[in-house]
Amino acid sequence: MNQATAQGKQAPGLTAVELIPRDAQTLLRDARDVSQLFPDARIINIPDLLRFPLRSWEAARLLRPVFRRVIPHVRAIDIGPDMPLPGADDPDLHEVLVVRGDPPTDLRHRTYPNTSESVIARYRREAPHLRVYAAFDPYRRAPYEEMQAVARKKEAGAAGFFTQPVFDMRMLDLCMNWLEGEDVFWGISPVIGPKSRSYWETTNHILFPNDFEPTLEANVAFARQMLDTVARAGGNTYIMPLRINLERYLPLLRRV
């Protein structure tokens with residue numbers, strides 16, 4: 001991606017896949033599987049998870065021979081005021097996603113009282129060559145509060161947003177209206193079985209529609225509907241294939 005694209009609005013109609021950086025070998029295997037099983041994917045995005053030693057920006061370097069575009073997540077609360085910004089010194093990195101970050105379970109891990117906005121602003125000042133994305137979550141608080149956060153993140157320098165996975169077409173329609181004109185990657189994640197549903201309800205406070213079915217068939221049908229809807233609107237999507245085998249799920253989403 002050239003610098004003009006990095007600074008301007010993202011070309012629409014792209015699909016990314018989120019992969020967990022458990023270790024280098026597994027991550028490389030998963031990325032190669034994605035490239036073969038789901039050629040619609042053009043981007044990999046990598047969360048930064050403290051329970052694994054491989055940091056997201058390190059994973060981005062590792063995956064570049066497989067996927068030219070990799071977007072690492074950066075946890076704002078991990079960045080000290082005198083610490084270098086993750087990925088800023090990587091000449092081949094063009095994009096990052098700044099999230100606030102959940103408090104660590106290991107109390108020995110030091111955190112800082114940063115907001116997403118403060119770290120986004122640092123990236124814009126200190127690494128203006130990077131395109132910075134922010135997070136959007138319609139489930140965690142009142143919509144007007146989330147839209148106020150969107151405004152603050154844009155003012156800080158966010159060029160676009162990655163959303164929490166959406167599980168209801170009516171919610172998608174509302175959110176697409178709220179974020180009209182923004183550069184957005186809309187999240188899609190399979191929810192297969194009662195344990196997976198419980199995870200989303202208890203951890204992320206998702207309110208599923210009454211007719212939601214946690215089956216593979218229903219999730220694939222919903223994902224394909226969402227992919228088509230977002231593509232027609234000129235938006236982007238990302239797939240978060242949690243708790244499911246890539247070979248079982250991704251080929252079913254391929255565009256014919």
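Below, the figures for the structure above:
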quantity: Answer from ASP48, ASP92, ASP82 - the residue that is acidic (Asp, Glu) and within 24 Å of GLN164 (Cα to Cα); calculated: ASP48
quantity: Contacts under 7 angstrom Cβ, first residue in segment 144-170 being under 18 Å from ASN236 (Cα atoms), partner among the aromatic types (Phe, Trp, Tyr) and surrounded by fewer than 20 Cβ atoms within 10 Å (Cβ to Cβ), 6 or more apart; calculated: GLN164/TYR139; PHE167/PHE208; PHE167/PHE212
quantity: Selection within segment 40-60 - of a type outside the set (A, V, I, L, M, F, W, C) and assigned to a loop (DSSP other than H, G, I, E, B); calculated: ASP40, PRO47, ASP48, ARG51, PRO53, ARG55
quantity: Tally of residues being assigned to a helix (DSSP H, G or I) and either under 11 Å from ALA76 (Cβ atoms) or in contact with an Asp or Glu (Cβ under 9 Å, 6 or more places away or on another chain) (or both) across segment 108-141; calculated: 8
quantity: Number of the condition not met by GLN10 [criteria: (1) modelled with pLDDT of 95 or more; (2) surrounded by 16 or more Cβ atoms within 10 Å (Cβ to Cβ)]; calculated: (1)
quantity: Residue within segment 65-76 that is surrounded by 14 or more Cβ atoms within 10 Å (Cβ to Cβ), assigned to a helix (DSSP H, G or I) and at pLDDT 95 or above present; calculated: yes
quantity: Members of segment 167-189 that are farther than 12 Å from VAL230 by Cα and of a type in the set (A, V, I, L, M); calculated: MET171, LEU174, LEU179
quantity: Residue selected from segment 96-121 under the condition touching a Gly at 6+ places or on another chain (Cβ under 9 Å) and of a type in the set (D, E, K, R), by the criterion modelled with the highest pLDDT; calculated: GLU117
quantity: Number of the exception - ALA158 against (1) surrounded by fewer than 21 Cβ atoms within 10 Å (Cβ to Cβ); (2) modelled with pLDDT of 95 or more; (3) not hydroxyl-bearing (Ser, Thr, Tyr); calculated: (1)
quantity: Subset of segment 41-57 that is charged (D, E, K, R) and buried (at least 19 other Cβ atoms within 10 Å of the Cβ) - its residue that is nearest to TYR249 (Cα to Cα); calculated: ASP48
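A quick yes/no check of all residues on (1) within 16 Å of the chain's Cα centre (by Cα); (2) in a loop (DSSP other than H, G, I, E, B); (3) free of Cβ contacts under 8 Å to residues at least 24 places away in the same chain:
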position: LEU62; (1), (2), (3): no, no, no
position: GLY80; (1), (2), (3): no, yes, no
position: MET83; (1), (2), (3): no, yes, yes
position: ASP90; (1), (2), (3): no, yes, no
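The values are calculated or read from the model by the stated rules, or taken from the named source; none is laboratory data. Given the structure is predicted, the values throughout are model-derived calculations rather than measurements. Here Cβ is always computed from backbone atoms with ideal geometry, including for glycine, and neighbour counts include all displayed protein chains.
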